[in-house]
Amino acid sequence: MSSASISPSAARIQLLRPVLVGGAIAGTLDQISAFISLGWNVPRIDAAGLLGPQVIHGSEVWVWILGLFLHYFIAFSAASLYCFASLRLGFLKEHFLVCGMFYGVAVFLVMYLVVMPLCAFHYTGPYTLRTLLEGIIVHMLLIGLPISLSLSKL
């Protein structure tokens with residue numbers, strides 16, 4: 001049975017696995033990278049984007065858990081967007097290496113230019129060249145590629 005003969009609802013159900021696998025791998029790799037470069041309080045910083053900067057130095061466990069939840073919510077959302085876009089844009093699956101890396105850059109740009117300025121602490125920089133290059137490379141390799149690779153293995 002070719003993918004052209006699959007109904008739209010069946011195609012959506014078939015995308016559940018790559019969304020779950022890609023989101024989980026991308027979220028985990030990105031969180032490990034953040035732990036290595038920024039320390040164990042990174043989930044608190046993520047939660048501070050929703051609750052405000054006063055929670056960064058607190059000791060409540062629920063704030064750390066909320067930050068981890070928000071991190072994975074964003075990773076699964078990114079995976080969902082890529083996988084569902086592939087239903088209309090077949091080249092996302094066919095050229096997964098290049099498309100995945102470009103998607104990682106797109107995720108980086110959305111996070112740094114849209115999400116972070118709109119969060120509770122309105123972070124807009126200043127950004128150093130090292131921070132930008134590291135962020136782009138991490139998002140290309142640890143977010144974009146796992147998501148696109150999980151879809152290509154479908």
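Things worth noting here:
- MRE, 222 nm, helices only [DSSP H, n ≥ 4, -39500 (n - 2.57), over the chain, to nearest 500]: -21000 deg cm²/dmol
- Here the dipole of the chain is about 360 debye; that uses its Cα centre as origin and unit charges on the Cβ of Lys and Arg (positive) and Asp and Glu (negative).
- Efficiency of FRET between HIS57 and ALA11 - r from beta-carbon atoms, R0 41 angstrom, step 0.05: 0.30
- With the charge dipole of the chain set up from +1 on Lys and Arg Cβ and -1 on Asp and Glu Cβ about the Cα centre, the Cα lying farthest toward the positive end among the listed residues ILE36, HIS57, ALA79 is that of ALA79.
- Rounded to 10°, Cα long-axis angle of helix 96-110 versus longest principal axis of the chain: 30
- Separation of alpha-carbon centers, region 131-154 and region 69-84, rounded to whole Å: 12
Just so you know, all these numbers are worked out from the coordinates, no wet-lab data involved. Owing to the predicted nature of the structure, the values given are computational and were not obtained by experimental measurement. Note that each Cβ is placed from the backbone with ideal geometry, even for glycine, and that neighbours are counted across all protein chains shown.
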